[in-house]
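Below you'll find the structure, written out as structure tokens, and then a few comments.
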Amino acid sequence: MCLLGQCFGGTETYEKTTGVKFSFGTTQGILTQPGTGITRDCTAICRQTPTCAAFTVDYENSRCQSYNMDSTGHRNSLHDKIGSNYFEKICLRGVSNLNAMCGDRLWAFERAVGAFLEGFDDREERNVQTKTECEKLCLFETSFTCRSAEFDESINICRLSREDRRSQPAAFRRQPGSTVDYLENQCVRSLPDCRYNVREGTAVISMDELQFAASQGECEALCDQARGFTCRAFTYAMEEKRCYLSGDDSISLSSAPLIAKRDAVYAEKQCSISQCEDGLFTFEKVTGHFLRSAQQVGLAMAASPGVTLECGARCLEAGSDCPAFTLDYNSMKCFKLDRNTQGRGSELSAREGQSYFEKICLRGNVRGCEGRAWAFDRRPGKELRGFDDLKLPLVQSRRDCMEECLAQRRFDCRSAEYDTQTAECRLSSEDRRSRPSDFVDAPSTVEYLENQCLPSESRCNFKSVPNSYPRYLDIVLSLVSDEVDCERRCYEYSDFICRSFSYYPSGSQCFISGDDRGSAGNEALMSRPGTNYYERSCLVAGGPGPGTSPSNPQGRCAVGRAEFEKVTGYELQGQREYPLLRGHNPGLAVQCANQCKIDPRCHGFNFNYKLNECTALEGDADPTRIDIRQVPGVAYFEGVCLRGAGCGMAWTFERHVNRELRGFTNAHYITGSKTECEDRCLDERSFICRSASYSYRRQECRLSSEDRFTQPQAFEMSMDSDYLENQCIPPVGRCAYRNFQRDRQLIYTDKSLSAFSDSSCQHACDVEREFMCRSYTFLSTVGSNTNQCLLSASVAAGTEQAFKLQNGALYAEKQCGSLQPPEPVPPPGRPGSDPGSRYPSGTDQDGVLSPYPCRYTLTYEKIAGAAYGNAQREPIRTRADIGISGECLIKCGQLRHRCLAVSLENVRGGRQRCYSIERSADSDGGLLTSAPELAYFQKICLQGRICPKAWAFTRVPSYELNAPNAIEIKNMFGRRQCQDQCLQESRIVCRSATYYGRDRVCKLSPDTRRSLPQHFRRAAGDVDYMENECAQRKFLKSYLWPVRMKLEYG
């Protein structure tokens, strides 16, 4: 109870009762805002209104109504009503630090009238006069974490419990008409182990907050990060890109039926405390990362430096109060966290000198993990490509995948990968140290897991780096006589696998680390004059032996590793051959490649797509290409030995005989062979090498950042050249499926799968990682023993006799890239070209708007009321929650090419938040969408001198300033060149520019939309108005802005 306007000597908050309405006292409507989340605003208005003792929220009509009385003495006036929640002011007298206990919680307790938790009372207090006193006892309980309380007003008894209706759902009882109230503490940390149960086509009943989200995963993250209340469920509307957050779930709603909503997904959070029965509590470690969404509390450590073991022990002792911890190696401090990643590796961010440890429960064969400080090294967004010994579909969780690795008996499982999107677990007898060149970037849904429970490798030596020592120092051993003794201690250390050490002679100390450059990169070392860093280098069982390549143990490649290049529509003749593989289902290309790699006689193979069989070849093709013959329906896979960085694809290059990509050369070299040209492409670092053209006559290798798909008009015949397309580089830009053809099946099937629909077959093509899938055929009328989804690395165009008739078949091919591709880059020395210019004569610069690589000045342009939803977003943590645009842009700049744009969102209540976006509309050639509550900033590269403003231009698409005094410049090859012209203009102070894409005209003006509002008007879709933020502002007599715009995108 809180007397109206009176909470002297205490703190005012709210108590929420779900699914009820109140019918007593004088009522007054205080807020109605249809289609929005009004809970936060209603609590604020009621708190500022002395006559408001309580209020109800009608979620269906987005309306809240206040009452001048509360339910004290009037509990019979509370009536069940689905879609209505009742909030009552409570005064916690003597509580001055509620914000420290509850943070930004809008309500401190949830109340269930006539309910209790049976059999889980940890403390009972008699003669408690009010319900609020009972709640205060729960808040201040120190002997255990009080998660719930019960107050019986008839006998004035308060019972406290460490459990609640979610941790013990079977014990929760409702007894209508009783005098007992169940009170659930909202200020305690949520249970650590959470997952979401998803249902299609339904929506939350009580929408407490409405947010913009680009994906379901982002909506889930918003629910996890909600500050105002414990978010228990959300609905994501895919078409609207809206995220509806709710503080209620099926438990608080008493399983009330949900609201039907098309094209929506409802997800309810279920959390528990793992008891780890018949299992082992241990940790997984993520080196060089921290959990950005967690709150941390420092733990006092006795030992320093080298606190890893003590910190892990403290976290295990804390039980459910420590689901994870972070170790700061720079300061040797340990912090327990209030949550873990909850299965999402995207929650982790890189931070040099810190490591994240998450508590896990492993069951089964855990003997090797006993006594280890951590059981697995975890690395989100990475994989060991091409060395999967066993693939397990439909594995429920990352933990289950780890347990499968530990239980493996056919081989020593050194690493695993888990894909949260496909629920596939892949086990391998290799790891990132035995196959470093194949440890590559993967989609964000994939996580690499390295087994730390195996015995230490025995065949090892140590490589030294002078004047350095381990940054990730886990333990310091004392009374060590010399470096030899330190090395021996490292070998014998059993609490974790010692991977590096340094000896400190003045203190007779051995610094030991479980990390090396394999796990931490170059940041594994810190400079220390006079100290030597030693890193373990082992010959792992199953790894490459002396003189052999990693992919070919038999040593067919004297130098490099055995890979393949694929030549579609050709076969090699004149070599001794023998059958390699034949199958019933089409698509054996990957299996044939794997079989040939392990066969010492196999130098390559011909694959007949029509017969679905491959034939091994015991010799190589003649360098003159005289023995390669064009045959439709066949592909020749030539074995090559490559030294450049690999990616684990079944074939590394696609080769097109007598072809070249003309006019798009980024670098050229004189090389002795085609293979050397391929190595050059794989090792190129100054740009992304998508293809190479090799001239046999001139022995010339030309590398390009383009390929036959991004520049089809440049893919031409050349009788002395071969075109080589790098399969390790993903397609540029967004991808969509085109060229749909019915009743036609592409012959060139490289892989076949079982699928139930065209969409699932399309998804299989999108997630394929053993080769670059460019098309698929879905067979809807085949028998049950035949795979229905046929994937191919080929497309119909340029492929001889590509199709056969097949009733019920649907063919589609993937098209990726920008909508307006760039014109050819002129070769050096061509007349009329300026070597220092970004705008070659005759080009349409709108196609090369990607900001990287940038040889000039990198800045931003702003588009208000716009969003780009076709790229992955990551939250940016800021020090404040208002006025954050400058900080957001600085942090995006620090991320370099990993952040091409920023989305700034205004959240209800006057707060702001921002996200980094990995691609931009300009880099993809994509379209912006209208989003009035957002501001979109994208990186741009300009030649002109930029002022120190956070962004250089504000752009308004589809608007123009038709100013009478504008300077018109023709033959401008894109709006970026128009912006540069504005910055460099000397005849006037260029305050704005308007670019007309169709006419290639740039108009520069000393005025803006504010100084000449009558000339600012809507224009065609190819027109952009751009306001120069670096120019000195023109003095305006009035601040009125008479023009109201509704921006439309796409």
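Against the definition (within 29 Å of residue 35 (Cβ to Cβ), charged (D, E, K, R) and modelled with pLDDT under 90), how does residue 58 come out, yes or no? Even if it seems obvious, please write down each step before you answer.
On the way: within 29 Å of residue 35 (Cβ to Cβ): yes; charged (D, E, K, R): yes; modelled with pLDDT under 90: no.
So residue 58 does not fit the description; no.
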So which of 685, 629, 655, 698 is among the basic types (Lys, Arg) and surrounded by 17 or more Cβ atoms within 10 Å (Cβ to Cβ)? 655
Please find, within segment 967-982, the residue that is farthest from residue 1030 (Cα to Cα) out of those that are modelled with pLDDT of 90 or more and in contact with a Ser or Thr (Cβ under 9 Å, 6 or more places away or on another chain). 967
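Surrounded by 15 or more Cβ atoms within 10 Å (Cβ to Cβ), at pLDDT below 95 and in a helix (DSSP H, G or I): which single residue out of 575, 595 fits that description? Full working, then the answer.
Details: 575 fails: in a helix (DSSP H, G or I).
Exactly one of 575, 595 is surrounded by 15 or more Cβ atoms within 10 Å (Cβ to Cβ), at pLDDT below 95 and in a helix (DSSP H, G or I), namely 595.
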How many residues are surrounded by fewer than 18 Cβ atoms within 10 Å (Cβ to Cβ) and among the aromatic types (Phe, Trp, Tyr) when one looks only at segment 463-506? 2
Can you pull out every residue in segment 643-666 that is farther than 20 Å from residue 713 by Cα and among the small types (Gly, Ala, Ser)? 644, 645, 646, 648, 650
Please work out which one of (1) under 29 Å from the mean Cα position of the chain (by Cα); (2) in a loop (DSSP other than H, G, I, E, B) is the condition residue 356 fails and give its number. (2)
Hey, does segment 377-384 have a residue that's under 24 Å from the mean Cα position of the chain (by Cα), modelled with pLDDT of 90 or more and closer than 21 Å to residue 299 by Cβ? no
Within segment 319-339, which residues are at pLDDT 90 or above and not in a loop (DSSP other than H, G, I, E, B)? 324, 325, 326, 327, 328, 333, 334, 335, 336, 337
Please verify whether segment 1017-1026 includes one or more residues that are over 20 Å from residue 902 (Cα atoms) and among the basic types (Lys, Arg). yes
Note on segment 946-968: residues among the aliphatic types (A, V, I, L, M) and more than 15 Å from residue 995 (Cβ to Cβ) are 946, 950
Does segment 741-755 contain at least one residue that is surrounded by 17 or more Cβ atoms within 10 Å (Cβ to Cβ), at pLDDT below 85 and touching a strand residue (DSSP E or B) at 6+ places or on another chain (Cβ under 9 Å)? yes
Just the residues that are within 41 Å of the chain's Cα centre (by Cα), of a type in the set (Ser, Thr, Tyr) and modelled with pLDDT under 90, please, taken from segment 994-1050. 1049
Filtered residues of segment 20-66 (kept if crowded, with 22+ Cβ neighbours inside 10 Å, farther than 18 Å from residue 245 by Cβ and touching an Asp or Glu at 6+ places or on another chain (Cβ under 9 Å)): 22, 53, 54, 55
Between a first residue in segment 346-360 that is within 12 Å of residue 333 (Cα to Cα) and a second residue that is among the hydrophobic types (A, V, I, L, M, F, W, C) and in a strand (DSSP E or B), which pairs have beta carbons less than 6 Å apart while being 6 or more apart in sequence or on different chains? 354/290; 355/327
Of the residues in segment 449-472, those that are touching an Asp or Glu at 6+ places or on another chain (Cβ under 6 Å), part of a strand (DSSP E or B) and modelled with pLDDT of 90 or more number 1
Test: residue 456 is surrounded by fewer than 23 Cβ atoms within 10 Å (Cβ to Cβ) and free of Cβ contacts under 8 Å to residues at least 60 places away in the same chain: yes
Of all the residues that make up segment 920-966, how many are of a type in the set (Gly, Ala, Ser) and either part of a loop (DSSP other than H, G, I, E, B) or over 32 Å from the mean Cα position of the chain (by Cα) (or both)? 9
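Select from segment 865-911 the residues that are among the acidic types (Asp, Glu), in contact with a strand residue (DSSP E or B) (Cβ under 7 Å, 6 or more places away or on another chain) and buried (at least 16 other Cβ atoms within 10 Å of the Cβ) and list them in ascending order. Give the derivation first.
Pass one, segment 865-911, residues among the acidic types (Asp, Glu): 874, 881, 887, 905.
Among the residues that remain, those that are also in contact with a strand residue (DSSP E or B) (Cβ under 7 Å, 6 or more places away or on another chain) are: 874, 881, 905.
Hits for segment 865-911 are 874, 905.
Within the bounds of segment 715-727, is there any residue that is of a type in the set (A, V, I, L, M) and more than 24 Å from residue 675 (Cα to Cα)?
The first filter runs over segment 715-727 and keeps only residues of a type in the set (A, V, I, L, M), leaving 717, 719, 724.
Still in the running and more than 24 Å from residue 675 (Cα to Cα): none.
No, the conditions are met nowhere in segment 715-727.
For segment 302-318, what are the residues that are under 34 Å from the mean Cα position of the chain (by Cα), part of a loop (DSSP other than H, G, I, E, B) and closer than 12 Å to residue 332 by Cβ?
Going residue by residue through segment 302-318, those that are under 34 Å from the mean Cα position of the chain (by Cα) are 305-318.
From what is left, the residues that are part of a loop (DSSP other than H, G, I, E, B) are 305-307, 318.
Correct list: 305, 306, 307.
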Pick from segment 422-440, criterion under 18 Å from the mean Cα position of the chain (by Cα) and over 20 Å from residue 284 (Cβ atoms), ranking: surrounded by the most Cβ atoms within 10 Å (Cβ to Cβ): 440
Tabulated pairs, segment 94-109, first over 21 Å from residue 297 (Cα atoms), second loosely packed, with under 12 Cβ neighbours inside 10 Å and of a type in the set (Asp, Glu), C-beta under 9 angstrom, 6+ apart or interchain: none
Taking segment 613-651 as the region of interest, how many residues are within 44 Å of the chain's Cα centre (by Cα), farther than 17 Å from residue 577 by Cβ and either assigned to a loop (DSSP other than H, G, I, E, B) or hydrophobic (A, V, I, L, M, F, W, C) (or both)? 12
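For the condition out of contact with any helix residue (DSSP H, G or I) (no Cβ under 8 Å at 6 or more places or on another chain) and part of a loop (DSSP other than H, G, I, E, B), what is the one hit in 351, 399, 409?
On the way: 351 fails: part of a loop (DSSP other than H, G, I, E, B); 399 fails: part of a loop (DSSP other than H, G, I, E, B).
It is 409.
Kindly indicate which of 183, 210, 160 is outside any helix (DSSP H, G or I), of a type outside the set (Phe, Trp, Tyr), closer than 26 Å to residue 103 by Cβ and within 23 Å of the chain's Cα centre (by Cα).
On inspection, the qualifying residue turns out to be 210.
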With respect to residue 761, determine if the residue is closer than 22 Å to residue 647 by Cα and within 29 Å of the chain's Cα centre (by Cα). no
Per the filter on segment 667-694, residues in a loop (DSSP other than H, G, I, E, B) and modelled with pLDDT under 90 are 671, 672, 684, 685, 686, 687, 688
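For segment 81-113, how many residues are among the hydroxyl-bearing types (Ser, Thr, Tyr) and assigned to a loop (DSSP other than H, G, I, E, B)? Quick ask: steps written out before the conclusion?
Applying the first criterion (among the hydroxyl-bearing types (Ser, Thr, Tyr)) to segment 81-113 yields 84, 86, 96.
With assigned to a loop (DSSP other than H, G, I, E, B) added as a condition, the list becomes 96.
Matching residues across segment 81-113 total 1.
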Does segment 40-61 contain any residue that is within 37 Å of the chain's Cα centre (by Cα), among the hydroxyl-bearing types (Ser, Thr, Tyr) and within 26 Å of residue 209 (Cα to Cα)? yes
Contact list please: Cβ distance under 8 Å, first residue in segment 361-389 and under 15 Å from residue 456 (Cα atoms) and in a loop (DSSP other than H, G, I, E, B), second residue acidic (Asp, Glu) and modelled with pLDDT under 95, pairs at least six apart or on different chains. 371/495; 372/495; 373/474; 373/495
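The values are calculated or read from the model by the stated rules, or taken from the named source; none is laboratory data. What you see is a predicted model; the values in this text were computed from it and never measured. Ideal geometry is used to build each Cβ from the backbone, glycine not excepted, and the neighbour counts take in all protein chains shown.
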